[in-house]
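What follows is a short report on a single structure.
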Amino acid sequence: MKSKIIQFINKKNKSKIISLTAYSKNIASIIDKHCDLILVGDSLGSVLYNFSSTKKVTLDMMIEHSKSVRLGVKKSILVVDMPHNTYRNPKEALKNAKKIISKTKCDAVKLEGGKQVIQMVKTLIKNKIQVMGHLGLLPQSAKNFKFKGKELSERNKILRDSKLLEEAGVFSIVLECVESSLAKEITKTIKIPTIGIGASAHCDGQVLVTDDLIGLNKIKARFVKKYLNIQKQINNAVIKYKQDVSSGKFPSKKHSY
Ligand code: KIV
């Protein structure tokens, strides 16, 4: 296991883990110094391409965005989501994970699910590919976007899956939209870090979609905290640019050859 990943795991119970998504170099290079882990999430399907679900995201889309992100990441662990239908069996998972890693030089891949993906996870780990798990709300297969862990049977399944993934050797698990007390129980039970999104402060770390955090994406979800209204700032800058061009103020001599 790479020392970067070992250091990441060792943060559990010591300091909170900071993670964010990035889809391009410019954002990645800004957030890299503040993050432990940067995820090229397949959420890019809905955030950038207006897809109704992440199911339409392709391997090539993930690879191209990750190649750009790689240029901006110097210190954080870089994780790339394996998109829908790219890990239906161990052979397919291995072929596609190898392709992602060789083309993007990422540190790890992320797969959604527990028991249903355990053979794929084991195959990747056996082939020295670092894997991050993802439990709770699974956008690649979700029928609805309700939080998970209300029913006892569902709670038990998610807890069981977290243990299975840990035993299989994943280095961390994303918990998406998981009820607080269940996130707490999982975080206490497993020895690897849990990274929450809509899964309470009980997790070992948090992840958010950067576009949501800076207000670039118009999303209204309970788990999102908007720290900036960048849409407003871009709008104001463009209004000024338009005024300057219209009035002849831009380009000035300073901006001309
Ligand atoms: O696709 C994504 O951005 C994710 C995060 C929400 C964890 O999986």
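The values are calculated or read from the model by the stated rules, or taken from the named source; none is laboratory data. Everything numeric here is computed off the predicted structure, so don't read it as measured data. When we count neighbours, we look across all protein chains shown, and the Cβ atoms used for this are built from the backbone with ideal geometry, even at glycine.
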Does region 2-14 include one or more residues that are modelled with pLDDT under 95, of a type in the set (Ser, Thr, Tyr) and within 30 Å of Lys188 (Cα to Cα)?
-> yes
The residue from Lys122, Lys143, Lys95 that alone is away from the ligand (no atom under 15 Å from the Cβ) and in a loop (DSSP other than H, G, I, E, B) is Lys143
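Do you know which of the residues in region 166-177 that are in a helix (DSSP H, G or I) and either touching a Lys or Arg at 6+ places or on another chain (Cβ under 9 Å) or not assigned by TED's automatic domain parsing to the domain that holds Leu124 (or both) is surrounded by the most Cβ atoms within 10 Å (Cβ to Cβ)?
At the first step, the residues of region 166-177 found to be in a helix (DSSP H, G or I) are 166-168.
Applying the additional criterion that residues be either touching a Lys or Arg at 6+ places or on another chain (Cβ under 9 Å) or not assigned by TED's automatic domain parsing to the domain that holds Leu124 (or both) yields 166, 168.
On the way: Glu166: 18, Ala168: 20.
Out of the qualifying residues, it is Ala168.
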Within the bounds of region 66-81, is there any residue that is in contact (Cβ under 8 Å) with a residue 12 or more places away in the chain, more than 12 Å from the ligand (Cβ to nearest atom) and assigned to a strand (DSSP E or B)?
-> yes
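Name the single residue, out of those in region 146-165 being in a loop (DSSP other than H, G, I, E, B) and not charged (D, E, K, R), that is nearest to Phe51 (Cα to Cα). If you could, list the steps in order and put the result at the bottom.
Going through region 146-165, the residues in a loop (DSSP other than H, G, I, E, B) turn out to be 146-147, 149-151.
When the remaining residues are screened for being not charged (D, E, K, R), the result is 147, 149.
Numbers: Phe147: 21, Gly149: 27 Å.
Here the answer is Phe147.
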Being touching a residue at least 40 places away in the same chain (Cβ under 8 Å) and either in contact with an Asp or Glu (Cβ under 7 Å, 6 or more places away or on another chain) or under 16 Å from Ser180 (Cα atoms) (or both) is the filter here, so list the residues in region 119-140 that pass it.
-> Gln130, His134, Leu135, Gly136, Leu137, Gln140
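Residues to consider are Ser180, Ser153; find the one that is without any contact (Cβ under 8 Å) to a residue 24 or more places away in the chain, touching a Ser or Thr at 6+ places or on another chain (Cβ under 7 Å) and surrounded by fewer than 20 Cβ atoms within 10 Å (Cβ to Cβ). Steps first, answer last, please.
Numbers: Ser153 fails: touching a Ser or Thr at 6+ places or on another chain (Cβ under 7 Å).
Answer to the selection: Ser180.
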Selection from region 129-148 of residues under 21 Å from Lys163 (Cβ atoms) and among the polar types (S, T, N, Q) yields Gln130, Ser141
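Could you look through region 200-223, keep only residues that are part of a loop (DSSP other than H, G, I, E, B) and near the ligand (Cβ under 10 Å from one of its atoms), and pick out the one that is farthest from Asp36 (Cα to Cα)? Before the answer, list the steps.
Within region 200-223, the first condition is being part of a loop (DSSP other than H, G, I, E, B), and the residues that meet it are 200-204, 209, 214-223.
In the following step, the residues that additionally are near the ligand (Cβ under 10 Å from one of its atoms) were identified as 209, 223.
Numbers: Val209: 15, Phe223: 20 Å.
Restricting to residues being part of a loop (DSSP other than H, G, I, E, B) and near the ligand (Cβ under 10 Å from one of its atoms), the top hit is Phe223.
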Can you spot a residue in region 174-181 that is within 14 Å of the ligand (Cβ to nearest atom) and at positive phi?
-> yes
